[in-house]
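The next block holds one structure in the form of structure tokens; read it before the comments.
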Amino acid sequence: TITFNALSAVTYGDAPFTVSDTGGGSGNPVTFTSSDPLIATCTGSNGTTVTMIAAGSCTIYANQAGNSSYNAAPQVGQTLLVHPKALTLPDAAAQNKVYTGTDAAVITGTLTGIVNSDDVTLNGTGTFADVNVADGIAVTSTSTLGGASAANYTLTQPIGLTANITKANQTIV
């Protein structure tokens, strides 16, 4: 039999980690594989180095071959949960606008925490607390993430944003 302890949850972008176990009587090495190499891979000596590829979950399997005296040990699997990485907008700003009668707001800022060169973009949207002309109106961010790697991340919405709505120019026809 193989003794393979439960795996702790990790976060996308965390450093690779090493798995280990104790194996059966055949003396053969225990080898590790991933049920989904799009979520995590098992590389290195006998697959003991687990690298997170994307957010999600998969099973890491431990296997040990038999020999002339022992059958192969029954496969043991442990679930690996890879949480999305939280991104922040430390320089978030709500943009001022000219009166339109709507509460739509535009949020800008630089995403912080992106892993390597992942394709993640900010869809900066929000809502004004009041649609009337005024200074310092509270704005609530409803921004989302876009790009090919967006599923590996969550966005921590900025708080405490304000912006101005100014008078619109009248056109006389």
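Other residues with beta-carbon under 15 Å from the beta-carbon of Thr108 carry, at +1 per Lys or Arg and -1 per Asp or Glu, a net charge of 0.
Could you give the accessible area per residue of the stretch 59-113, probe 1.4 Å, as a whole number in Å²?
Counting only protein heavy atoms, the per-residue value for the stretch 59-113 is 55 Å².
Within the chain, the longest segment free of exposed loop sites, counting chymotrypsin sites (Phe, Trp or Tyr not before Pro) that fall outside DSSP classes H, G, I, E and B and have at most 15 other Cβ atoms within 10 Å, spans 100-173. With contacts taken as Cα pairs under 8 Å and at least 6 residues apart, the chain reaches a relative contact order of 19 percent.
Legend: calculated FRET efficiency, Thr125 to Asn5, from the Cβ-Cβ distance at R0 = 45 Å, rounded to 0.05, equals 0.55. Straightening the chain between Asn164 and Thr112 buys 16.1 nm, computed as 0.36 nm per residue apart minus the Cα-Cα spacing.
Here the stretch 1-51 exposes an accessible surface that is 51 percent carbon and sulfur, computed with a 1.4 Å probe and the other protein chains kept in place.
Distance from the C-alpha centroid of the stretch 49-120 to that of the stretch 1-24: 18 Å, rounded to the whole angstrom. When the chain is treated as a Gaussian network with alpha carbon springs shorter than 10 Å, the biggest mean-square fluctuation among Ile114, Ile159, Ile60 belongs to Ile159. Add +1 for every Lys or Arg and -1 for every Asp or Glu among the other residues with Cβ under 11 Å from the Cβ of Gly13, and state the total. Surrounding charge for Gly13 is -1.
Backbone N atoms of the stretch 21-40 closer than 15 Å to the 7 Å Cα→Cβ label point of Ala15 are not found in any residue.
The values are calculated or read from the model by the stated rules, or taken from the named source; none is laboratory data. For clarity, every value in this text was computed on a predicted model and none was experimentally measured. Neighbour counts run over all protein chains shown; Cβ positions are idealised from the backbone, glycine included. Surface areas here come from the heavy atoms of the whole protein model, side chains and all, with no ligands, DNA or RNA. Shrake-Rupley method; radii C 1.70, N 1.55, O 1.52, S 1.80 Å.
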